[in-house]
């Protein structure tokens with residue numbers, strides 16, 4: 001199965017001190033085979049969040065290096081997809097500013113034969129990485 005992680009899921013995976021790191025890491029370990037996908041938005045968002053969030057305090061170069069290490073790890077396998085979607089691809093359910101990036105990522109995932117994976121339960125058609133039980 002192929003999954004495009006949204007920014008929050010990618011940050012949770014990549015930053016061990018993130019409150020949902022274990023949730024994402026356990027979910028990945030439970031998968032028999034999977035491919036994770038990143039795109040420009042998720043990679044740039046990863047660096048932006050780690051750099052801007054005061055609780056993380058990570059320099060841009062450090063965040064970039066961390067993401068490159070994650071992507072070259074052997075498991076799970078990562079691939080990068082180019083974003084060839086303009087505004088004409090925005091999904092019909094996008095009605096608010098907060099939904100724009102989610103809708104864009106969902107459209108990219110779908111066109112790539114993947115599913116958007118997220119920690120946000122409010123994204124239509126996305127896979128919710130469930131809380132630990």
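Please treat every number below as a calculation from the coordinates, not as lab data. Given the structure is predicted, the values throughout are model-derived calculations rather than measurements. Quick reminder, even Gly has a Cβ in these numbers, built from the backbone with ideal geometry, and neighbours come from all protein chains shown.
Being assigned to a loop (DSSP other than H, G, I, E, B) and surrounded by 14 or more Cβ atoms within 10 Å (Cβ to Cβ) is the filter here; which residues of the range 18-53 pass it?
Of the range 18-53, the ones assigned to a loop (DSSP other than H, G, I, E, B) are 18-20, 31-34, 39, 53.
Selection gives 18, 20, 34, 39.
Over 21 Å from residue 127 (Cβ atoms), in contact (Cβ under 8 Å) with a residue 40 or more places away in the chain and surrounded by 15 or more Cβ atoms within 10 Å (Cβ to Cβ), is that true of residue 56? Reasoning before the result, please.
On the way: over 21 Å from residue 127 (Cβ atoms): yes; in contact (Cβ under 8 Å) with a residue 40 or more places away in the chain: yes; surrounded by 15 or more Cβ atoms within 10 Å (Cβ to Cβ): yes.
So residue 56 fits the description; yes.
If a residue has to be under 18 Å from the mean Cα position of the chain (by Cα) and not in a loop (DSSP other than H, G, I, E, B) to count, how many in the range 81-133 make the cut?
Residues flagged as under 18 Å from the mean Cα position of the chain (by Cα) and not in a loop (DSSP other than H, G, I, E, B) within the range 81-133 amount to 20.
If you scan the range 121-133, which residues turn out to be farther than 17 Å from residue 30 by Cα and surrounded by 15 or more Cβ atoms within 10 Å (Cβ to Cβ)?
Let us first name the residues in the range 121-133 that are farther than 17 Å from residue 30 by Cα, namely 121-126.
Residues satisfying the conditions are 123, 126.
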